[in-house]
Amino acid sequence: MPSERVEFPGGRGLRLVGDLRGGGSAAIVLAHGFTGDRHEDGRLDTTADALNGDGYTVLNFDFAGSGESEDVPITIAGEVEDLTGAFSFVRERGAARVGVLALSLGALVAARAWDEGVSSMVFWAPATIATRDAKSWYSHAQLDELERTGLITWGKDTGPRRHLVIDGRHLEEWASVDQREVLTRIACPVLMLHGDRDDLVPIDGSRSALPLLPAGSRLKVVRGADHVFARQLPTFIRHTRRWFREHLPV
């Protein structure tokens, strides 16, 4: 089904932009990664089409500060509020049951946004542990900007934005992540798909996550996949579709 461009308010009232593919009473919300957008270079569009073909309503959207959504500095806490707004939006559009597919940092956001109306989750290359060396991601010029302004400007080669603005508070947010506290609040089964060659978000974080998740959760190691897993995307999609068919029946 062709997608409909939609705008809706996030949990903090900011304007969010997404693509909605209609379908049945079960909806899947897609949460992109840090500095990404709702397309993720086409990976999330391809996935949304596949899930919609299985009969799901699918929403992939841009967190505030990303893609086409309202322009504000990016924080993890803000993205949690955005995702709660996305849950409300699909429920207002008729979804009786909701699932989540979240990529990288989107998995941490999804874990924190989980509520009792979310009945199944899939995490791709999830970032769910504390990252205390986040400053190493940035250049000297960006760190100088951070010291002067409290913000970091991040250049983009693809997508509708050429620059993102990251709130410097995200460094403390990353460093203070308590994996146990974040994951044990989830009460639905979770499938994690993680590449064994992911050097950006190492797979050890998913291995330590598994015992903290509800019974029935699984970790699928995808051989040869890095953090982008472009060549293995069909494998990620195949396992994701199978999981939702079992845990979020249409």
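Quick notes on this structure:
- Alpha-carbon centroid distance for the pair segment 1-27 / segment 193-222, whole angstrom: 29 Å
- Point-to-point label distance, SER136-ALA50, nm (Cα→Cβ direction, 7 Å offset): 3.2 nm
- Positive-end ranking of VAL90, PHE236, ALA125 along the dipole of the chain, with charges on Cβ about the Cα centre, is headed by PHE236.
- Across segment 205-212, coupling constants 3J(HN,Hα) worked out from phi with the 6.51/-1.76/1.60 Karplus curve, θ = phi - 60°, read x, 6, 5, 6, 6, 4, x, 8 Hz, and Gly and Pro carry x.
- Applying 0.36 nm per residue to the separation of LEU151 and GLU116 and subtracting their alpha-carbon distance, the gain on full extension is 9.1 nm.
- Whole-Å semi-axes of the ellipsoid equivalent to segment 163-212 (Cα gyration tensor, √5λ, descending): 23, 17, 11
- Where only alpha carbons of segment 1-129 are counted, the Rg and the Dmax (Å): 12.8, 37
- Across segment 237-250, computed HN-Hα scalar couplings (Karplus, 6.51 cos²θ - 1.76 cosθ + 1.60, θ = phi - 60°) run 5, 4, 5, 5, 4, 4, 5, 5, 4, 7, 9, 9, x, 6 Hz from first to last residue, x flagging Gly and Pro.
- Fluctuation leader among LEU213, LEU16, LEU146 - the chain, Gaussian network, Cα springs under 10 angstrom: LEU146
- What the phi angles of segment 177-193 give under the Karplus curve with 6.51, -1.76 and 1.60, with θ = phi - 60°, is a coupling list of 4, 10, 4, 4, 5, 5, 7, 6, 7, 6, 10, 10, x, 10, 9, 10, 10 Hz, glycine and proline written as x.
- Built amide H within the under 5 Å cut-off of SER120, gap 5+: VAL100
- For segment 40-144, relative contact order (Cα pairs under 8 Å, six or more residues apart, normalised by length) works out to 18 percent.
- Sorted largest first, the spans of the alpha carbon positions of segment 136-237 along the three principal axes are 47, 34, 23 Å.
- The DSSP beta bridges internal to the chain are antiparallel in roughly 35% of cases.
- Percent of Cα pairs exceeding the 19 Å cut-off, where the set is segment 124-185: 44 percent
- Shape metrics for the chain, restricted to C-alpha atoms - Rg then Dmax, Å: 16.9, 51
Any read-out appearing in this document is the output of simple, stated calculations on the displayed coordinates, not a laboratory observation. Note that the coordinates shown come from a computational prediction; the quantities given were computed from them, not determined experimentally. Cβ: placed from backbone, ideal geometry, glycine included. Neighbour counts: every protein chain shown.
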